[in-house]
1. When region 29-43 is examined, which residues are found to be out of contact with any Asp or Glu (no Cβ under 9 Å at 6 or more places or on another chain), surrounded by 16 or more Cβ atoms within 10 Å (Cβ to Cβ) and more than 15 Å from ARG97 (Cα to Cα)?
2. Within region 29-41, track down each residue that is in contact with a helix residue (DSSP H, G or I) (Cβ under 8 Å, 6 or more places away or on another chain), not aliphatic (A, V, I, L, M) and not in a strand (DSSP E or B).
3. Does region 73-112 hold any residues that are farther than 18 Å from GLU7 by Cβ and touching a helix residue (DSSP H, G or I) at 6+ places or on another chain (Cβ under 6 Å), and which are they?
4. Is it the case, given these coordinates, that LYS48 is within 23 Å of THR87 (Cα to Cα) and in contact with a Cys (Cβ under 7 Å, 6 or more places away or on another chain)?
5. For region 62-93, how many residues meet the condition of being among the polar types (S, T, N, Q) and assigned to a strand (DSSP E or B)?
6. Quick one: which residue in LYS109, LYS70 is in contact (Cβ under 8 Å) with a residue 60 or more places away in the chain and basic (Lys, Arg)?
7. Could we say that LEU112 is at pLDDT below 95, surrounded by 12 or more Cβ atoms within 10 Å (Cβ to Cβ), of a type outside the set (D, E, K, R) and in contact with a Lys or Arg (Cβ under 8 Å, 6 or more places away or on another chain) here?
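The values are calculated or read from the model by the stated rules, or taken from the named source; none is laboratory data. Quick caveat, the model's predicted, so the values are computed rather than measured. Glycine also receives a Cβ, built like all others from the backbone with ideal geometry; neighbour counts cover every protein chain displayed.
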Amino acid sequence: MIITKEEPFTQEEIKQLRELFDVYIKTVIDIERGVCSAGCDRHFESEKLLLEKGSLQSNLWGGGVDLETKVVDCNAFINIRPNDNNTSNEIQEPKIREKFNDLMRFFFKDVL
């Protein structure tokens, strides 16, 4: 189940997001609009939803959260974008990475 929103995920929503991978939730965040799409099987699914809702490609970054270890990662194939100076699965620009991490802590504040 994919849930896309601008507010933190509730405990019930987090339970629904766990259905696919149990302890890991994949996310894509529009770091400018502050919108998170979570629960996808592949990051491109959430990326597509956000693009359809008006997000710009350059503002979309993927990663996830491990609910057991409380670790946020910034790793997704959609992050490989040489035109945006990102040549890796990881978010390489420190300011973008920090913004992504801050938003992950906001959206998953009940579990992080």
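1. HIS43
2. GLU32, ARG33, GLY34, GLY39, CYS40
3. Those that are farther than 18 Å from GLU7 by Cβ and touching a helix residue (DSSP H, G or I) at 6+ places or on another chain (Cβ under 6 Å): CYS74, ALA76, ILE78, ASP84, ASN86, ASN89, ILE91.
4. Judged against the criteria, LYS48 is not a match.
5. Counting residues in region 62-93 that are among the polar types (S, T, N, Q) and assigned to a strand (DSSP E or B) gives 2.
6. Working: LYS70 fails: in contact (Cβ under 8 Å) with a residue 60 or more places away in the chain.
Every option except LYS109 fails the conditions.
7. When the stated conditions are applied, LEU112 passes them.
Conditions tested, residue by residue: (1) of a type outside the set (Val, Ile, Thr); (2) closer than 23 Å to LYS15 by Cβ.
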residue: LEU49; (1), (2): yes, yes
residue: GLN57; (1), (2): yes, no
residue: GLY62; (1), (2): yes, yes
residue: VAL65; (1), (2): no, yes
residue: LYS70; (1), (2): yes, yes
residue: ILE80; (1), (2): no, no
residue: ASN85; (1), (2): yes, no
